[in-house]
Structures are given as structure tokens and as C-alpha cells.
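The values are calculated or read from the model by the stated rules, or taken from the named source; none is laboratory data. No experiment lies behind these values; they were computed from the predicted model shown. Every residue, glycine as well, gets a Cβ built from its backbone with ideal geometry; the counts of neighbours run over all protein chains shown.
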Amino acid sequence: MEEKKVVTRFAPSPTGFMHVGGVRTALYAYLWAKKNKGTFILRIEDTDKEREVEGSINHIIESLKWLGINWDEGPNIGGSHTPYLQSERLDLYKKYAQILIDKGFAYPDPYTEEEVGVFRDRAELEKKPFLYREHRPETFGIWDFTKPLRFKTPEIKSYKWNDLVYGDLSAGPEALDDFILIKSDGYPTYNFAHIVDDIEMSVTHVMRGQEFISSVPKFLSLYDALGIKPPLYATLPPIMGPDGKKKLGKRDGAKDVLEYRNEGYLAEAMVNFLALLGWNPGDDREIFTMGELIDAFDISRIGHSGAQMNDEKLDWINKEHIKKLSENELKNKIFEYLPKELKIDKIIPIISERISKWGDIKEMLERRELDFFYKQPKYEKEKLIYKNTGLEKISENLFKAMSELKKIDEKNFSMENVKNALMQIANALENRGEILHPVRFALSGLDKSPDPFVIAEILGKNETLSRLQKAIENI
RNA sequence: GGCCCUAUCGUCUAACGGCUAGGACGUAUCCUUCUCAAGGAUAAAAUCAGAGUCCGAUUCUCUGUAGGGUCACCA
């Protein structure tokens, strides 16, 4: 028997930016499709014209592209199920609506929105779940497109189904209701449209957040009414906000993923982090490329409980990915952030081992931690004193350092040689810091900085000696 | 309120019903050239509670508790 080709989709609504929750859903669907050499579809569910936010389709596209979550079919590139915007597929939903009407499984809603609202309020007051079907009219009129079209649930029963992640799930009959298929504005609801499209697009695996679990019986009864076998469901655990309580939502500060790009995170690190938020490979690996994720990914290892967004782990993963960059990639990226005076090859390791994301370079610059590499520092004496060493002693040590460093030929003024020279003096002292600290301070003017040897090499012999001299004059 | 889902270190997580509950981030301490960073080592840190089944329960069952989701002409 031939295996059916795996088709997954990501179907966002264009109501704003994408946050990590949406991205992770997209990622898992993508990974599963790629792992099975299947198809990953991007479909835009723009059936709510009220909530639609201008520009969000492009924003979503840009986010996915940045992360390398590439779709095989969808906006911009087309495919065999074009178009990929639901607002352009209205005829199709009408066709399916007609099928349901003909089968007696759909009817126009005779009530106004206000009247239904009254039913709902009453149910809420009585602490009962609201069920429209308890108000289902006896006889149905002809649908004239001005009223919403409702689904007539064929059979009110408890549903049981299997979820690829959660296993056997079930819901009571109160999960079933005569939901709206087509709104009075002519657009289908999510409940209806996504099912029609999943059928038309031959989607085999539906991955989405667990907020949809309680709607699944509705979907199943719709499939039943149509006489079509539903796809497989893989429900994803929620991502919680930083407080660990609520599901991450735009309302409580979920970040636009593109903001992570602006802060200087690598796309692959972001993907790596999100993949691990709710899934694990079953071994101790933590750092993955997209290709490695595709190999390792498996629905059966997706977790069941909510995971909390954790920026510190993301920083660590990003740093690990930075370490994997080639020399050239690292150089180009770091130089993007540096002023021309600092575009020195030797400064790259100094920066790269002090940052976890590119944006940290901006902060280093703002804190003026790198200025001394191209600018004579100002000396603030408070930062100088090393333990109980007196000023005179410090000057004396600086002189010693100068005279030793003068002996090194300019061509050989390397970190190693500077280190040897200075350590020779330092080791003779009771406390090595008595010379290492003043020298470092003379070169950088900072209480915290890279070590003096590497700075000396970058500054060169002349500048190094000149700064030692200036420091002596200024203390 | 009904229905549904979930529960292992602070966080992400691992553990056919069977070793001392493992790893990672973060934290702390030590080492490595004064500081910072990087690196190395070490440490502290968890099975929500109570019953039941079993020789044996983090794992299975029940109850409780806590958290989350859902009950739209939103997706």
C-alpha cells in the first residue's frame, strides 16, 4: 500500500505580527513536512475583515522567510491549490455550503445578533455553557445570503478521537453546537473555511495549539456531515508568558519575532530554541541546525505541558550558534555594527566572546567600552587604585613596564611577548595585580576591560608606550 | 459554572513499573594571568498532596489541589 504524501500547513490570520507561539506552530508543521519529504503550505486565513491588520500578511511572510521556514505552496509562489488567501476562495466555501444545505445539514439563522446575544447572556447567568442548538428553529427558511448560515449538527454525542501528541482525547456533547458556517457578510468562519481548505489541499496533518482541542468535536461532526475522513491531529502544548502562568499572547507582551531579529538573534538560533520549547530529541543534544532538526524531529516527542518562554536560554543557544559561524561570517556581521575606527580584525574575538547577540555590540558601544581601542582614555583615579598600592608605587611599576616593553621590537609587539615581559615583572612582585592592573588601566582607562596583553598588541608599541607615559603624568 | 488539557530542580526537559531521579540554561564556589569575558572543575537545586494496585510507582487508577484552555457572525 502506498503511503499518502504528508501535507502540513500553517494558516495564520493576518491580524498583526507573529509571536513565538505562532512561529513554533509553523516550525513544527514545516519540520514534519520536510522530515517526510512532504509539502508545507502557507495559507492566509483572512476571513475576518474587521480584525484584519494592514500589512500583516507581508509581516508574516517576512518573519517566516527570516527564519528559513519556507513553504512549498502559498502566497508569492503559488502552487496547485491557488489562491492561498481565503478571501479569494469564497466560491469554494459557497459550494461546500450548498452541499451541506442539500444534505439538510445547514440552515439560515433566523435570529438577529442581539437575540442570540440574549440567549448567551441568559446561559452565562445560569452558569451553563451557551448552546445555540437549544434554540434551533423548528423549520428552516431559504438562505438568502443576508443571514448567517449555521451548521445543523447531525448527531449530538460524545466524540472520542486520537491526537498524535496527546493520545486519546474525548469531549462531551456540550462541545457540539450549531456553529456558523458563513457569516452574514458572506465570509466563512474559521470553523468552516479551514476544513474546506484542508480537504481541498489534501492536508494530512493538522498542527495547532491546544486552544482548539475543545473545538475538535465540531470539526469532526462537520467531517461526518460531509462524509469525509478528517486529517490527523497533532495538538501542540501552549507556550506560556515569562510569568509561567498565562498562555503567551499579544496582549501580555508577546514579542514580534522580528523584534528578535532586530535585537540581533540568529534565525537558526531562534528556530533551535523554539524547536526545543515543547519538543526534545530524546538525547542530550541541544544545538541544532535546521537540517539537523528535520532529521531529529518526531511528533511523538512533543510534550504535553506548557513551556515558558526563557530569554536566557535563548541567549545561550544564540551564543552557541555564533560560535559555529565561520571567521568570515563572524567578521562581516560584527563589522556591520562597528564604527570604522574599530574595524580591526583582532578586535573580533574580544567582541564575540563578550556578546550573546549582535545587539549587545550596540550596548558595548553605548557604554563606551570599546572607545579606548582608538581613543586616548581619560584617567579617573578612583578606578585605578589596586588594593593598598600607593600612587608612587604604581608610577614606579608603570615605568618598569615601559622600560621592559621598549625592549620589544615593534614588529614583535605581540600579545605573547607583551605578556612574557609583563609577567616577568609581575612574578617578582608580591601581588601581580600591582603591575597588571595599572598597565591595563593605563591602556584602557577602565576598571573592567580585556586583559592588557591583547590590548597592547592591538594598540601597537608606540601607542602602548605613549599611554603608559600619559598615565604616569596623570596620576 | 459545564466540558477539556496539564502537573519532575527557579526555567527547558530525560527516565520499558526497577541503579544514588540524568542532562541543559541560570545561580554559587574554585582554578586558569589584576578586572571583565571565554574556558575548565565542583556544588546547591525537583517527582503538587493523599489514597489505591503492585514485591516495587515519577510512571498505572481514583480523589483533592493548583495552573491552563474553551463555551463568538475571532481565528
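A few notes on this one:
- Residue A:401 vs. criteria part of a helix (DSSP H, G or I), within 17 Å of residue A:460 (Cα to Cα), without any contact (Cβ under 8 Å) to a residue 24 or more places away in the chain and of a type in the set (A, V, I, L, M): no
- Of all residues in region A:352-369, those satisfying the criterion of being under 11 Å from residue A:265 (Cα atoms) and in a helix (DSSP H, G or I) are A:359, A:360.
- Of residues in region A:58-92 being touching a strand residue (DSSP E or B) at 6+ places or on another chain (Cβ under 6 Å) and not in a loop (DSSP other than H, G, I, E, B), the one nearest to residue A:181 (Cα to Cα): A:85
- Scan of region A:342-394 for residues that are surrounded by fewer than 17 Cβ atoms within 10 Å (Cβ to Cβ), more than 23 Å from residue A:458 (Cα to Cα) and either at pLDDT below 95 or more than 30 Å from the chain's Cα centre (by Cα) (or both), ordered by number: A:381, A:382, A:385, A:387, A:388, A:390, A:391, A:392, A:393
- The set of residues from region A:98-125 being without any contact (Cβ under 8 Å) to a residue 24 or more places away in the chain, within 14 Å of RNA strand B (Cβ to nearest atom) and either more than 14 Å from residue A:184 (Cβ to Cβ) or in a loop (DSSP other than H, G, I, E, B) (or both) comprises A:112, A:117, A:118, A:119, A:120, A:121, A:122, A:123, A:124, A:125.
- Residues in region A:19-55 that are away from RNA strand B (no atom under 11 Å from the Cβ) and of a type in the set (A, V, I, L, M, F, W, C): A:20, A:23, A:26, A:27, A:29, A:31, A:32, A:33, A:40, A:41, A:42, A:53.
- Candidate set: region A:423-447, residues that are without any contact (Cβ under 8 Å) to a residue 60 or more places away in the chain and loosely packed, with under 14 Cβ neighbours inside 10 Å; chosen: the one nearest to RNA strand B (Cβ to nearest atom): A:431
- Residue A:158 meets all of the listed conditions (1) among the polar types (S, T, N, Q); (2) within 8 Å of RNA strand B (Cβ to nearest atom); (3) modelled with pLDDT of 95 or more but one, namely (3).
- Each residue in region A:147-172 was checked for being assigned to a loop (DSSP other than H, G, I, E, B) and of a type in the set (S, T, N, Q), and 2 of them qualify.
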